[in-house]
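For reference, the structure discussed in these notes is given below.
The values are calculated or read from the model by the stated rules, or taken from the named source; none is laboratory data. On a predicted model such as this, the values are computed, not experimentally measured, just so you know. Neighbour counts are summed over all protein chains in view; Cβ atoms, including those assigned to glycine, are modelled from backbone coordinates with ideal geometry. Heads up: the accessible areas ignore ligands, DNA and RNA and are worked out on the full protein's heavy atoms, side chains in. Shrake-Rupley method; radii C 1.70, N 1.55, O 1.52, S 1.80 Å.
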Amino acid sequence: MPSSTATRARSSTRPSGRWAHCERASWRGGVWTEPSRRRSRGFGVAEEDVAFSAARASEPGGAVSFVDGEWREASGTPIAVTDPASGEEIASVPSATAAEVGDALDAARRAQREWSRLPATTRGDHLRAIAGVFADHREALADSLVREVGKPKAQALGEVEFAIGFLRYNADWDRRIEGEILPGDVPGEVIHLLRAPVGVVGAICPWNFPLAVLCRKIAPALLTGNTVVAKPSEVTPLTTLHAFRLVAEHAPLPPGVLNLVTGGRETGAALVADPRTSMVSFTGHRDTGKSVMATAAERLTRVSLELGGKAPAIVWRDADLDLAVASIVDARHFNAGQVCTSAERVLVHESIVDDFTGRYVAAVEALRVGHPSGEVDVGPMVSAAQHRKTSAALETALREGATVLTGGGTATVDGYAGGYWFTPTVLGGVRPGMSVMTEETFGPVTPIYPVADLDEALAIANDSRYGLSAYIFSRDYGTVMRTVDDLDFGEIYINRTLGESVHAHHAGFKESGIGGEDGKWGLLRYTQIKTAYHHFG
Ligand code: NAD
């Protein structure tokens, strides 16, 4: 899910006069105060200290929940966070209990009406202020992502830019949300269709883009007048804690508007099951999404589900092969292949499959695998569990008859013996029904399969439970249009690598999700239509 700009990790200049847009008063502790008098009610974190001290979360009394404008302790089971490059534990973060999740929801409920009554421009100003703070701390936030996700620094910087993009883009909707006015059915009547917030949004995030997915959810939710209880993945909670400390210290919101609880499955399940949650915005695994939906169904809680993918990349006989190879190598190995939009299977016209495969293997062998803080293309996988999952997928593929063209599983990197390294691997000898062609691998393994014609390519591509992203490489207009028309996928990349734009729409068909995020349609999903019949005749 990296943005197209994110993949290129631009060095952008710092915005000047970053407080200029926050000159409006802010609501603190029930009192409106001028910006110069703002103080965080959280524990005072010196700016340099905010470059996240992982130890802080592990310290006795290290507060990990941000509720009602202040830091609180969570009393549930602590969960270890590891450095993927070394396998060493770097923090232990307590989980919020169901009661503590309830406290956060109570705070969010109390704050919601007041927050929704603010002018939308004020809510937009808050988002712009947060964006400014994240921009000022982009290096530290990126370092935090490198440390806990294991993504190369350039990609981590790209994720920070992507997160900032969500905040700024949604802030710019502050004067653009419109209702409708209809004539009534009877004389002397007019009907208003108004966009109302949904209420309290539970924002549940995965580990592969902790900051970007957080901002993808909180920015539209807050702009439209909802309040939020966010939960990061237990695998990568540190960047989120870091981001909340920055917000609390430098761009505080009214208490209760944006709350944080840490923890894993039980904490997430409590957030979904609680009747105080009006909507669950979830990004994660397909099976978790199904369980979220089943729980939410008990109270008809609204859900938005962004789930997994099994993106096909179709390379046609007239494709620009240099472009196709470079794009698919990038789309398969970005974040060590742990991306929902990653090119998971490659379908190549049989007339060029040998040429393509030779070039692809050479490009994969040229990838630099190493410590993510260095100049590398591929870092470690995020966790031992994820490494095991991808290794098992490879073993199954080999058992089913696939052959290794390069790579082959666990790698070693000097000085980091305990890290979760995986050699980028290319497979031949695959067949359409094999699990490596149907199930999400979520690691740097590329199966290549030759196809005879476009009908066959499209049939194999669509023969999947997933329908998130797909790729087509062709210079022929008819081939491209036919492919776009026939693919049952929500997001199609034509002659390019992965990377959504904040103002487009990111949504999976079939078992890749329900709802969709980003752009106008993603924003409006955090609203509901209220109808008012004005009878004056
Ligand atoms: P996951 O489903 O294991 O966890 C996601 C989040 O859900 C975590 O915060 C976790 O603690 C929480 N959770 C777990 N069980 C829960 C439950 N029963 N109720 C509520 N919350 C629960 O997913 P992951 O391993 O963190 O992420 C990888 C998956 O996410 C992949 O399948 C990937 O394709 C998908 N993903 C999709 C998108 C998208 O935009 N479509 C983006 C990123 C990742």
Practice problem: Scan the range 250-257 and give yes if some residue there is outside any helix (DSSP H, G or I), open to solvent by 10 Å² or more (accessible area, probe 1.4 Å) and either modelled with pLDDT of 95 or more or farther than 30 Å from D486 by Cβ (or both), otherwise no. | Solution: yes
Exercise. Among the residues of the range 221-262, write down those that are away from the ligand (no atom under 12 Å from the Cβ) and under 14 Å from the mean Cα position of the chain (by Cα).
Key: T239
Quiz item: Quick one: how many residues across the range 419-443 are open to solvent by 40 Å² or more (accessible area, probe 1.4 Å) and farther than 22 Å from L458 by Cα?
Solution: 1
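Rundown of residues vs (1) aromatic (F, W, Y); (2) in contact with a Gly (Cβ under 9 Å, 6 or more places away or on another chain); (3) open to solvent by 20 Å² or more (accessible area, probe 1.4 Å), yes/no style:
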| site | (1), (2), (3) |
| --- | --- |
| A154 | no, no, yes |
| V160 | no, no, no |
| F166 | yes, no, no |
| W173 | yes, yes, yes |
| R176 | no, no, yes |
| L194 | no, yes, yes |
| V200 | no, no, no |
| I204 | no, yes, no |
Quiz item: Here are I529, I494, I472: which of them is away from the ligand (no atom under 16 Å from the Cβ), loosely packed, with under 15 Cβ neighbours inside 10 Å and within 30 Å of V378 (Cβ to Cβ)?
Solution: I494
Quiz item: For the range 353-387, which residues satisfy the criterion of being under 19 Å from F334 (Cα atoms), out of contact with any helix residue (DSSP H, G or I) (no Cβ under 8 Å at 6 or more places or on another chain) and of a type in the set (D, E, K, R)?
Solution: E365, R368, E375
Practice problem: Please find, within the range 395-431, the residue that is farthest from P450 (Cα to Cα) out of those that are aliphatic (A, V, I, L, M) and within 31 Å of the chain's Cα centre (by Cα). | Solution: A417
Quiz prompt | the range 133-146, residues that are surrounded by fewer than 24 Cβ atoms within 10 Å (Cβ to Cβ), assigned to a helix (DSSP H, G or I) and not hydrophobic (A, V, I, L, M, F, W, C) | solution = D136, R138, E139, D143
Quiz item: L487 fails exactly one of the following numbered conditions: (1) surrounded by fewer than 22 Cβ atoms within 10 Å (Cβ to Cβ); (2) under 27 Å from the mean Cα position of the chain (by Cα). What is the number of that condition?
Solution: (1)
Quiz prompt | Answer residue from the range 263-290, given it is under 16 Å from I218 (Cα atoms), of a type in the set (V, I, T) and near the ligand (Cβ under 10 Å from one of its atoms) and is surrounded by the most Cβ atoms within 10 Å (Cβ to Cβ) among those | solution = T283
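Do you know which residues across the range 362-407 are among the hydrophobic types (A, V, I, L, M, F, W, C), within 16 Å of the ligand (Cβ to nearest atom) and within 22 Å of Q155 (Cβ to Cβ)? I'd like the intermediate steps shown before the answer.
Looking only at the range 362-407, we keep the residues that are among the hydrophobic types (A, V, I, L, M, F, W, C), and these are 362-364, 366-367, 369, 376, 378, 381-382, 384-385, 392-394, 397-398, 402, 404-405.
Subset that is within 16 Å of the ligand (Cβ to nearest atom): 381-382, 384-385, 392-393.
Correct list: M381, V382, A384, A385.
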Quiz item: Do you know which of the residues in the range 291-331 that are away from the ligand (no atom under 11 Å from the Cβ), part of a helix (DSSP H, G or I) and within 25 Å of S435 (Cα to Cα) is nearest to the chain's Cα centre (by Cα)?
Solution: A331
Quiz prompt | Matching residues, the range 197-218, being among the small types (G, A, S), within 13 Å of the ligand (Cβ to nearest atom) and not in a strand (DSSP E or B) | solution = A212
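Could you please let me know if E178 is charged (D, E, K, R) and assigned to a helix (DSSP H, G or I)?
On the way: charged (D, E, K, R): yes; assigned to a helix (DSSP H, G or I): no.
It is false that E178 is charged (D, E, K, R) and assigned to a helix (DSSP H, G or I).
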